[in-house]
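Data block below; observations after.
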Amino acid sequence: MGSETVWAGRERALGWERRPAGVPLVTYPEVVRVAECMAVHERQRRWGREFDNGSPGWVSRRWITWVGERLGLAAEMERAGYRALRAWTMEHCITTPVADRLRQLPPPRGYRRGPLPVMDPHRALPERGPLLEASCLPWRP
């Protein structure tokens, strides 16, 4: 999404044109924001909550729009950037029935600070090994 705009600008500022070794540095701010957004999604999912009180049928769309806004790449997200995040939300959807969610108590105070348990679709996370084994994001080499 940002390869032609934001990241290309950073590469030019650093004097790096399409330098593979520079990719982590050039993309770092957006990677951190996406990770933050994913954590928000997962905390909401952990407690059976919908993002921004959205309805179950379109919560992932609403969340993806929010991610695009957080990245400052809303138009790019709208055009095609949503694909990888949409695939991720399909793997990390809220499975608690709506009736059960409406009856449950709110999350405990301070729930945003604690670690998240391993939840479906992950059974256990490997301590070491390729990122592909721990991630369900559709990576492209």
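The values are calculated or read from the model by the stated rules, or taken from the named source; none is laboratory data. Not measured: the values here are computed from a predicted model. We place every Cβ from the backbone using ideal geometry, glycine too, and count neighbours over all the protein chains shown. Each accessible area value is taken on the protein alone, full model and side chains, heavy atoms only, with ligands, DNA and RNA left out. Shrake-Rupley method; radii C 1.70, N 1.55, O 1.52, S 1.80 Å.
Among residues of the stretch 31-47 that are within 18 Å of Gly110 (Cβ to Cβ), those with a beta-carbon under 6 Å from a residue that is assigned to a helix (DSSP H, G or I) at least six positions away or on a different chain give the pairs Gln44/Phe51.
Restricting the stretch 107-134 to residues that are of a type in the set (Asp, Glu) and more than 22 Å from Thr96 (Cβ to Cβ), which is surrounded by the most Cβ atoms within 10 Å (Cβ to Cβ)? It would help to see each step written out before you state the result.
First, the residues of the stretch 107-134 that are of a type in the set (Asp, Glu): 120, 127, 133.
Those still in the list that are more than 22 Å from Thr96 (Cβ to Cβ) too: 127, 133.
Details: Glu127: 6, Glu133: 9.
Top of the filtered list is Glu133.
Let's see how each residue does on (1) assigned to a helix (DSSP H, G or I); (2) in contact with a Lys or Arg (Cβ under 9 Å, 6 or more places away or on another chain); (3) among the basic types (Lys, Arg); (4) surrounded by 15 or more Cβ atoms within 10 Å (Cβ to Cβ):
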site	(1), (2), (3), (4)
Ala13	yes, no, no, no
Trp16	no, yes, no, yes
Ala21	yes, no, no, no
Thr27	yes, yes, no, yes
Arg33	yes, yes, yes, yes
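Restricted to helices (runs of 4 or more DSSP H) entirely inside the stretch 74-141, those with at least 2 residues that are within 20 Å of Ile64 (Cα to Cα) and of a type outside the set (Ser, Thr, Tyr) are 82-91.
Among the criteria (1) among the small types (Gly, Ala, Ser); (2) touching an Asp or Glu at 6+ places or on another chain (Cβ under 9 Å); (3) modelled with pLDDT under 80; (4) open to solvent by 40 Å² or more (accessible area, probe 1.4 Å), the one Ala99 does not fulfil is (2). In the set (1) over 23 Å from His122 (Cβ atoms); (2) more than 15 Å from the chain's Cα centre (by Cα); (3) open to solvent by less than 70 Å² (accessible area, probe 1.4 Å), the condition left unmet by Arg49 is number (1).
A Cβ distance below 7 Å, combined with a sequence gap of six or more or placement on separate chains, defines the contacts here; from the stretch 68-92, residues that are open to solvent by 60 Å² or more (accessible area, probe 1.4 Å) reach residues that are assigned to a helix (DSSP H, G or I) in the pairs Arg70/Arg33; Arg70/Cys37; Glu78/Gly68; Tyr82/Ile64; Arg86/Ser60; Arg86/Ile64.
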